[in-house]
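Data first, discussion second: the structure below is written as structure tokens.
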Amino acid sequence: MKIHKNIIPVFLFLAAIISGCKKDESTHDLYELNKIELDDTSAVTTILQFDTLKITPIIKQSIPVPDSELSYLWKIRNVDGYSDTATLATTRNLNLSIGIKKGDYRLVYQVTDKKTGVMVMKYFPLIVTDRLGSGWLILEDKNNVGDMSVILPTDTVFRNVYSELNRNKP
């Protein structure tokens with residue numbers, strides 16, 4: 001009986017050594033990843049409400065792939081860290097009218113290589129300042145729904161101000 005107790009650990013040890021000598025073939029499917037770097041000198045840090053924000057980031061790649069093989073995502077979030085993130089665009093460049101409340105925000109630009117799943121993000125600080133500080137407030141009625149417009153002293157008209165700034169409210 002004592003012989004059987006001593007032989008079992010020996011067999012387990014030999015099995016571990018033999019299985020450890022098996023050729024490793026798991027590295028044959030490895031390939032170099034595309035390293036993506038984002039840079040931008042055109043990003044603004046302050047913008048007036050309802051102005052068009054244009055950002056054209058420079059994308060550097062270690063293995064250049066066409067734009068069709070990359071996915072893009074622009075998001076915005078209030079700097080307080082507690083608000084939800086809103087998607088602005090899914091395009092390479094951002095060219096969008098910023099119709100949000102005044103405040104401090106963080107733009108997030110995300111580029112993902114569709115083939116490898118490698119993702120890189122860049123943050124842009126953004127301060128939205130109040131454009132509608134002075135002017136004439138006009139109440140409008142469209143299809144029995146009220147809204148507000150503003151006429152600035154420069155005769156510039158901003159229509160649907162309330163509904164643009166409060167999209168989730170009646």
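The values are calculated or read from the model by the stated rules, or taken from the named source; none is laboratory data. Just so you know, these numbers come straight off a predicted model, no measurement behind them. Here the Cβ positions follow ideal geometry from the backbone for every residue, glycine too, while neighbour counts run over all protein chains shown. Areas reflect the complete protein model, heavy atoms only, side chains present, ligands, DNA and RNA absent. Shrake-Rupley method; radii C 1.70, N 1.55, O 1.52, S 1.80 Å.
Name the pairs whose Cβ atoms lie under 9 Å apart, with the first residue in segment 129-146 and farther than 30 Å from THR46 by Cβ, the second open to solvent by 100 Å² or more (accessible area, probe 1.4 Å), and 6 or more positions between them or separate chains?
VAL145/PRO170; GLY146/LEU139
If you check ARG92 against the conditions, is it at pLDDT 90 or above, of a type in the set (D, E, K, R) and surrounded by 15 or more Cβ atoms within 10 Å (Cβ to Cβ)?
So ARG92 fits the description; yes.
Just to be sure I understand the filter: pairs with C-beta atoms under 8 Å, separated by 6 or more residues or on different chains, first member in segment 49-77 and under 30 Å from GLU164 (Cβ atoms) and open to solvent by 40 Å² or more (accessible area, probe 1.4 Å), second member in a strand (DSSP E or B) and of a type in the set (Lys, Arg). Which pairs pass?
Listed pairs, sorted by first residue: ARG77/ARG106.
Only residues that are open to solvent by 60 Å² or more (accessible area, probe 1.4 Å), out of contact with any helix residue (DSSP H, G or I) (no Cβ under 9 Å at 6 or more places or on another chain) and part of a loop (DSSP other than H, G, I, E, B): list them for segment 114-156, please.
ASP130, ARG131, GLY133, SER134, ASN143, ASN144, PRO153, THR154, ASP155
Specify which of the listed residues (VAL111, VAL120, VAL128) is touching a Pro at 6+ places or on another chain (Cβ under 9 Å) and modelled with pLDDT of 85 or more. Break it down stepwise before answering.
Details: VAL120 fails: touching a Pro at 6+ places or on another chain (Cβ under 9 Å); VAL128 fails: touching a Pro at 6+ places or on another chain (Cβ under 9 Å).
Result of the check over VAL111, VAL120, VAL128: VAL111.
Hey, could you check segment 129-158 for residues that are of a type in the set (A, V, I, L, M) and out of contact with any strand residue (DSSP E or B) (no Cβ under 7 Å at 6 or more places or on another chain) and say which is farthest from LYS169 (Cα to Cα)?
Filtering first and then ranking leaves LEU152.
Which residues, counting only those in segment 27-48, are within 30 Å of ARG159 (Cβ to Cβ), open to solvent by 60 Å² or more (accessible area, probe 1.4 Å) and not in a loop (DSSP other than H, G, I, E, B)?
THR46, LEU48
Condition test on ALA15, is it modelled with pLDDT under 80, part of a helix (DSSP H, G or I) and surrounded by 10 or more Cβ atoms within 10 Å (Cβ to Cβ)?
On the way: modelled with pLDDT under 80: yes; part of a helix (DSSP H, G or I): yes; surrounded by 10 or more Cβ atoms within 10 Å (Cβ to Cβ): yes.
Yes.
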